[in-house]
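Laboratory data are not the source of any read-out in this text; all were calculated from the coordinates shown. In this text the structure is predicted, and so the values were computed from the model without any measurement. Ideal geometry is used to build each Cβ from the backbone, glycine not excepted, and the neighbour counts take in all protein chains shown.
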Amino acid sequence: MKLLIKWSRLPPAERRLVIFLLPMLLTIHLGLKLFPFRVVAQFLERAAAPFPTSRRSPPLSRERLAWAVRVVAGRILVDGSCLAQALAARLLLRRYGYPASLHIGVAKPEGGRLKAHAWVESEGQVVIGGPETELDGYAPLPLAGGGLF
């Protein structure tokens, strides 16, 4: 019931965004399970064309776009998948006209196993994937891919 009340309080533009994100995040998550990363990345690169501008509603901020990705991912993805979230956030940011770059880093805690994490930056700020202080331990991987990163 609380979810329905929250939904009803969202502005129409954010409701449309959530509806758009549901199948998109599921598709990205499933795509990452079934196909190599570069195949999914190439598909998303083609899908990143900007939305036509609309005079009916104000553009959504980067913060609201990232919020929507986190909320939808938290509801539908079992493991949270930082990579699926980062890919979805990057696609949305680009479609809404914001610059965005995907970063993937690795870290090896003392005596621990290698960990990987993905995040998105826009105009020098981390938009999704954690505050910059949490990313200090990750060494970014050099990525290439025809403008994807």
message = For the pair Phe43/Glu123, report the inter-label distance in nm, with labels modelled 7 Å from Cα in the Cβ direction.
response = 3.2
key: Quarter of the Cα convex hull surface for the chain, i.e. its orientation-mean projected area (nm²)   = 10.2
task = For the chain, return all DSSP H helices satisfying: extent of Cα atoms along own axis at least 24 Å; mean Kyte-Doolittle hydropathy at least -1.0.
result = 12-34
inquiry  = Can you divide the C-alpha Rg of region 3-54 by 2.2 N^0.38 Å and report the result to two decimal places?
reply    = 1.45
remark   = Counted neighbours (other Cβ, 10 Å), sorted fewest up, put Val127, Val106, Val78 in the order Val78, Val106, Val127
Inter-label distance for Leu143 and Leu30, nm, one decimal - labels placed 7 Å from Cα along Cα-to-Cβ = 2.3
ask   = How much length, in nm to one decimal, is gained on full extension between Met1 and Ala13, taken as 0.36 nm per residue of separation minus their Cα-Cα distance?
value = 2.2 nm
inquiry  = Suppose we keep just the alpha-carbon trace of region 92-141; what are its Rg and Dmax in angstrom?
reply    = 12.4, 43
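Can you give me the relative contact order of the chain as a percent, contacts being Cα pairs under 8 Å and 6 or more apart? Before the final figure, lay out each step's value.
Working: 170 pairs, mean separation 33.2, N = 149.
That works out to 22 percent.
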